[in-house]
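Trainee: Pasting a structure below so you can have a look.
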Amino acid sequence: MKAKAFDIRLFKRILKYTKPYKNRYYGVVLFAILLSVFAALRPYLLKKTVDLYVETKDQQGLLRYVVLMGVVLLMEGISQFYFSYWANWLGQDIIKDIRIKLFQHLLSFRMKYFDNAPVGQLVTRSVSDIEQIARIFSQGLFMIISDLMKMVAVLFFMFFMNWHLSWIVIVAMPILFYITRIFQQKMQIAFEEVRTQVSNLNTFVQERVTGMKIVQLFNREAIEYEKFKDINGKHNTAWIKTIFYNSIFFPIADIISSLTLGAVVLYGGYNIIGGDVVTTKGDLFSYTMFIAMLFNPLRQIADKFNEMQMGMIAANRVFDILDSEEDVQSIGTMKAPHFKGGIRLEKVRFSYINNEEVLKGISLEVNPGATIAIVGATGAGKSTIINLLNRFYEINSGEIYIDDHNIKDFQLESLRKQIAIVLQDVFLFADTIHNNITLNHPEITRETVINAAKKIGVHEFIMSLPDGYDHNVKERGVMLSSGQRQLIAFLRAYVSNPSILILDEATSSIDTHSEELIQKATETITQGRTSIVIAHRLATVVNADKIVVMDKGLIVEQGTHQELLNRETGFYKNLYDSQFSLKKEEEQ
């Protein structure tokens, strides 16, 4: 949906976030009123000073009015301080609340949403777009209210003092209003393009920095550099449009203001010279200030509308995410207990993309405490079963049960607490070993972590690192080898004490020493719990209680290692023989 400068529905929605801070909100409005009154009062006092005391050479009266003007100026300064401070404070508190709500909403999305939404775009929405919303309050809404009140107060004093001179100003104002409106419309279109290009730029940079190893490995530097130049050029062009419109509008506004002032001075001057008592010298003095105070806010209102437009566009983008309910995971009401571990899939069908089924009505049963292995070619649907078991995605049809309860009935948090996964690509945060293992869970103590590490045989490895458990692994764990990251992932799974353990290609792409440690860790953490092992290397699954063979989204074979080997033309036997012969060739 395209944002509008005056989208009332959107604007009202933004204002709802001021409710927790209504006292501060009304305080800002109050100081805006005071600011406008004190600002308009100064030129009026100047007129009185000139007409009553300068003309009559009354020094005491002049001194009294100068002191009075000083007090008014002081009050104007105090009002300006509180107005500006509270408006900015209010804006920051509002975006704090919106950002928390947005992040909480993102956490509730299915994985399908993140499959389609670029990370850089989500970062833009969560950071810079929300920051722009704050400017609606700090530089937009309240500034416009203040300027409009100031203009109303100025017009009141002008007509009260000299309505003849005031009509000259009134005639010029529609021209500036018209030019301002055209400027706003052009700037709205330009700012839409700016936000789009900022999002594209963030997405491109984030992906290339994350994938820098691939960029350099395949000598893509020159190609990516040219792509960046193109995207950056579009971003630059979008901003230049806004600069162009500003460069036209503000000089025109200044010319109109100056011409109006010239007309007032000319008309008023002729009246004074001609002896007309309608206009006084004090009027001319004060009107030079009044015109600036009337036209400058009108000029600045256009500029503040730019901020409003940017904020409204940003708010529209953020609310698009907050309004996305179809991607939110449905949440059950039953709290998942510590499972016995019985798993049953009944005629489960699933597709990541419509009309392209990955699972084609599979049925599978896993006994409590059993270890099963799922094998098959890439794309057969092995990892998809794991994604569905954790409800990262919702199935198209069929049912999945744990201990005879449909997994849709469980609260998501409690369900996932009972399932631990060790992935092939281990993600570690830029934090200590200890925090990456516990994920800052308050109930998992340092002592628990150390005892668990000793049990599965990784304590010595951790203590060999600088700072031991307090060693910072940096972003994505770059300070560790892939095998070391896998060991951390095993320990992370073990200390969470899950009912069901899933190892998804957890032993691939690691060195022999790490494999021995992982084998020991696997034996320890699979004891007494249901375990699902997904593997390409069949040597790692020969001891499984049951091996499930998948091909093109279907389960084609099930049985023990020996049972499947006895099938002369079976899928598993062919896979095993091909891997065994390949290994033999490598050894020769």
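Trainee: Inside segment 436-453, can you point out the residues that are under 34 Å from the mean Cα position of the chain (by Cα) and surrounded by fewer than 17 Cβ atoms within 10 Å (Cβ to Cβ)? Before you say what the answer is, go through the steps one by one.
Mentor: Residues of segment 436-453 under 34 Å from the mean Cα position of the chain (by Cα): 436-446, 449.
The answer is LEU439, ASN440, HIS441, PRO442, GLU443, THR445, ARG446.
Trainee: Working only within segment 68-86, note down all residues that are farther than 19 Å from GLY27 by Cα and either touching a Lys or Arg at 6+ places or on another chain (Cβ under 7 Å) or touching a residue at least 24 places away in the same chain (Cβ under 8 Å) (or both). Spell out the reasoning first.
Mentor: If we filter segment 68-86 for residues that are farther than 19 Å from GLY27 by Cα, which is where we start, we get 68-73.
Within segment 68-86, MET69, VAL72, LEU73 qualify.
Trainee: Something else now. Restricting to segment 192-215, and then to whatever is farther than 15 Å from VAL119 by Cα, of a type outside the set (Asp, Glu) and more than 18 Å from the chain's Cα centre (by Cα), can you tell me which residue is surrounded by the most Cβ atoms within 10 Å (Cβ to Cβ)?
Mentor: The residue in question is VAL215.
Trainee: Can you give me the ranges of the helices (runs of 4 or more DSSP H) entirely in segment 480-576 with at least 2 residues that are at pLDDT below 85, open to solvent by 20 Å² or more (accessible area, probe 1.4 Å) and of a type in the set (S, T, N, Q)?
Mentor: Numbers: elements: 482-495, 512-525, 561-565.
Filter on segment 480-576 gives 482-495, 512-525.
Trainee: Hey, MET173 hits all of (1) modelled with pLDDT under 85; (2) of a type outside the set (Gly, Ala, Ser); (3) open to solvent by 30 Å² or more (accessible area, probe 1.4 Å) but one; which does it fall short on?
Mentor: MET173 satisfies all of (1) modelled with pLDDT under 85; (2) of a type outside the set (Gly, Ala, Ser); (3) open to solvent by 30 Å² or more (accessible area, probe 1.4 Å) except (3).
Residues are listed down the side, and each one gets a yes or a no for (1) at pLDDT 80 or above; (2) within 24 Å of LEU148 (Cβ to Cβ); (3) among the acidic types (Asp, Glu); (4) not in a helix (DSSP H, G or I):
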residue	(1), (2), (3), (4)
PHE177	no, yes, no, no
VAL194	yes, no, no, no
PHE204	yes, no, no, no
GLU226	yes, no, yes, no
ILE231	yes, no, no, no
ILE252	yes, yes, no, no
GLY262	no, no, no, no
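Trainee: I need the full set of residues from segment 87-110 which are of a type in the set (Phe, Trp, Tyr) and either free of Cβ contacts under 8 Å to residues at least 40 places away in the same chain or in a helix (DSSP H, G or I) (or both), in order please. Before you say what the answer is, go through the steps one by one.
Mentor: We begin by selecting, within segment 87-110, every residue of a type in the set (Phe, Trp, Tyr); these are 89, 103, 109.
Correct list: TRP89, PHE103.
Trainee: I've got another one for you. Could you tell me whether any residue of segment 342-354 is modelled with pLDDT of 90 or more and closer than 23 Å to TYR494 by Cβ?
Mentor: yes
Trainee: Follow-up question, since we're still on this one. Across segment 274-295, what is the total count of residues that are open to solvent by 20 Å² or more (accessible area, probe 1.4 Å), more than 13 Å from MET158 (Cα to Cα) and modelled with pLDDT of 75 or more?
Mentor: 1
Trainee: Hey, any hits in segment 148-156 for a residue that's modelled with pLDDT of 80 or more and either crowded, with 22+ Cβ neighbours inside 10 Å or of a type in the set (Lys, Arg) (or both)? Before you say what the answer is, go through the steps one by one.
Mentor: The initial filter retains those residues of segment 148-156 that are modelled with pLDDT of 80 or more, namely 148-156.
Filter once more, so that each one left must be either crowded, with 22+ Cβ neighbours inside 10 Å or of a type in the set (Lys, Arg) (or both): 150, 154.
For segment 148-156, residues modelled with pLDDT of 80 or more and either crowded, with 22+ Cβ neighbours inside 10 Å or of a type in the set (Lys, Arg) (or both): present.
Trainee: Here is a follow-up. Please state which one of ILE419, ILE456 is open to solvent by less than 30 Å² (accessible area, probe 1.4 Å) and either under 20 Å from GLN519 (Cβ atoms) or free of Cβ contacts under 8 Å to residues at least 12 places away in the same chain (or both).
Mentor: Numbers: ILE419 fails: either under 20 Å from GLN519 (Cβ atoms) or free of Cβ contacts under 8 Å to residues at least 12 places away in the same chain (or both).
Answer to the selection: ILE456.
Trainee: Of all residues in segment 221-236 being among the hydrophobic types (A, V, I, L, M, F, W, C) and surrounded by 12 or more Cβ atoms within 10 Å (Cβ to Cβ), which is nearest to SER199 (Cα to Cα)? Let's see the steps before the verdict.
Mentor: First, pick out the residues of segment 221-236 that are among the hydrophobic types (A, V, I, L, M, F, W, C): 222-223, 228, 231.
Checking which are surrounded by 12 or more Cβ atoms within 10 Å (Cβ to Cβ) leaves us with 228, 231.
Working: PHE228: 13, ILE231: 10 Å.
Ranking the candidates gives ILE231 first.
Trainee: Does segment 138-148 contain any residue that is assigned to a helix (DSSP H, G or I) and closer than 30 Å to GLY269 by Cβ? Spell out the reasoning first.
Mentor: Of segment 138-148, the ones assigned to a helix (DSSP H, G or I) are 138-148.
Next, only the ones that are closer than 30 Å to GLY269 by Cβ stay: 147.
Checking segment 138-148: at least one residue is assigned to a helix (DSSP H, G or I) and closer than 30 Å to GLY269 by Cβ.
Trainee: Here's another thing I want to ask about it. Among the listed residues PHE250, PHE218, which satisfies the condition of being exposed (fewer than 13 other Cβ atoms within 10 Å of the Cβ) and either in contact (Cβ under 8 Å) with a residue 24 or more places away in the chain or on the phi < 0 side of the Ramachandran plot (or both)?
Mentor: Testing whether each residue is exposed (fewer than 13 other Cβ atoms within 10 Å of the Cβ) and either in contact (Cβ under 8 Å) with a residue 24 or more places away in the chain or on the phi < 0 side of the Ramachandran plot (or both) leaves just PHE218.
Let's see how each residue does on (1) open to solvent by 70 Å² or more (accessible area, probe 1.4 Å); (2) within 30 Å of ILE189 (Cβ to Cβ):
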position: ASP7; (1), (2): no, yes
position: LEU34; (1), (2): no, no
position: ASP51; (1), (2): no, no
position: VAL54; (1), (2): yes, no
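Trainee: Select from segment 385-405 the residues that are open to solvent by 10 Å² or more (accessible area, probe 1.4 Å) and in contact with a strand residue (DSSP E or B) (Cβ under 6 Å, 6 or more places away or on another chain) and write down the one among them that is nearest to LEU107 (Cα to Cα).
Mentor: ILE395
Trainee: Is there a residue in segment 423-433 that is hydroxyl-bearing (Ser, Thr, Tyr), in contact (Cβ under 8 Å) with a residue 40 or more places away in the chain and open to solvent by 30 Å² or more (accessible area, probe 1.4 Å)?
Mentor: The initial filter retains those residues of segment 423-433 that are hydroxyl-bearing (Ser, Thr, Tyr), namely 432.
Filter again for in contact (Cβ under 8 Å) with a residue 40 or more places away in the chain, leaving 432.
Add one more test, that the residue is open to solvent by 30 Å² or more (accessible area, probe 1.4 Å), and what stays is none.
No, every residue in segment 423-433 fails to be hydroxyl-bearing (Ser, Thr, Tyr), in contact (Cβ under 8 Å) with a residue 40 or more places away in the chain and open to solvent by 30 Å² or more (accessible area, probe 1.4 Å).
The values are calculated or read from the model by the stated rules, or taken from the named source; none is laboratory data. Model, not experiment: these values are computed from the prediction. Neighbour counts run over all protein chains shown; Cβ positions are idealised from the backbone, glycine included. Note: accessible area is taken over every heavy atom of the protein model, side chains too, but ligands, DNA and RNA are not part of it. Shrake-Rupley method; radii C 1.70, N 1.55, O 1.52, S 1.80 Å.
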